[in-house]
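The values are calculated or read from the model by the stated rules, or taken from the named source; none is laboratory data. Just so it is clear, the structure is predicted and the values come from calculations on it, not from any experiment. Cβ placement follows ideal geometry from the backbone for every residue including glycine, while neighbour counts extend to all protein chains displayed. Areas reflect the complete protein model, heavy atoms only, side chains present, ligands, DNA and RNA absent. Shrake-Rupley method; radii C 1.70, N 1.55, O 1.52, S 1.80 Å.
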Amino acid sequence: MFQLHHMFLLYNLGVWQTLTILLIPTIYLLRRSIKIIYFNVLQSILKRRVKFSDCYSGKLKYVGGIDISFIKDDAVNACISLVVLDLDSLETVFSRNKMIQMTCEYIPGYLAFRETPHISKLLKEVQEEYPMFYPDVLIVDGNGRLHKKEFGLACQTGVTCDIPCIGVAKNLYQMDGCLRDDEHKTAINNLKIPGDKFEIRNKDETVIGCALRTTAASTKPVYVSEGHRVSLKTACEVVTKCSKFRVPEPVRLADILSREALRQSEKK
């Protein structure tokens, strides 16, 4: 009866209205499929340029953290923040935030296409206006090599901006061969002191990241992976060195800054 009722309603709407209602979901799915094909092709091209080894000159003096926070119940309007710290003292040397509008929908596995354009634009502004504070290495709130295609947000950001980049995620990116199972939970319990870590491998047994304990007080690890021009060993060392709490300071402070900026904007 339910199906007959809806068929009757569609009949009363007329042919063109009925076709429109039926075609809208089809057009949306087709458009989304074409977009994913494009993303896959572009990912493959960019992935050829990624480097999972230490490819930087001199000392890593400044470490930057990027975070994007959204207005509540709004998937379009957001605030992006960059905080740059001195890696030795962990003193803030530079910060900037700006309101942005997302033009690309979120598709699981393709977060980089939504966020990297905004990150790239902000970094370019800093490089042009405040080159003395441009980070030597960047930490993003997301995965790098720890991704189903070994090319997450940190990889795409690093390659696009040609900057040493590290991915740090609070939760495990689960995929084939990489699950939060009992064995994984046992390994977490064996992380006792800051700097303790264990490797994360994919179904091919390739090391694609680490679960890292960052502080003595934090029992939950973060998931660190190479983004670009930084080895996993260096990535873990940098993240441990700049962590006062579970999440490394550059990202933690960028998150605080972006959320505060959103609160202030809502008051206006």
Residue under question is K197, and the condition is that it be more than 20 Å from R96 (Cβ to Cβ) and in contact (Cβ under 8 Å) with a residue 12 or more places away in the chain; does it hold? yes
If you check every pair at least six apart or on different chains, which have Cβ atoms under 7 Å apart with a residue in the range 250-263 that is closer than 19 Å to L87 by Cβ first and a residue that is open to solvent by 40 Å² or more (accessible area, probe 1.4 Å) and acidic (D, E) second? V251/D141
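Conditions (1) in contact with a Ser or Thr (Cβ under 9 Å, 6 or more places away or on another chain); (2) under 22 Å from A235 (Cβ atoms), marked per residue:
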residue: I100; (1), (2): no, no
residue: C104; (1), (2): no, no
residue: G109; (1), (2): no, yes
residue: T116; (1), (2): yes, yes
residue: K124; (1), (2): no, no
residue: E128; (1), (2): no, no
residue: D141; (1), (2): no, yes
Does G152 count as within 13 Å of the chain's Cα centre (by Cα) and closer than 21 Å to L60 by Cα? no
Checking C242 against (1) surrounded by 19 or more Cβ atoms within 10 Å (Cβ to Cβ); (2) in contact with an Asp or Glu (Cβ under 6 Å, 6 or more places away or on another chain); (3) within 21 Å of K47 (Cβ to Cβ): exactly one of these is not met. Which one? (3)
How many of the residues making up the range 169-186 are touching a residue at least 40 places away in the same chain (Cβ under 8 Å) and either surrounded by 15 or more Cβ atoms within 10 Å (Cβ to Cβ) or basic (K, R) (or both)? 4
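Here is a check on your reading of the model: is L46 farther than 24 Å from F151 by Cα and of a type in the set (A, V, I, L, M)?
no
Can you tell me which residue is farthest from L42 (Cα to Cα) among those in the range 138-167 that are among the aliphatic types (A, V, I, L, M) and out of contact with any helix residue (DSSP H, G or I) (no Cβ under 6 Å at 6 or more places or on another chain)?
Here the residue is L138.
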Looking across the range 187-236 at residues that are open to solvent by 40 Å² or more (accessible area, probe 1.4 Å) and of a type in the set (S, T, Y), the single one that is nearest to G64 (Cα to Cα) is T219
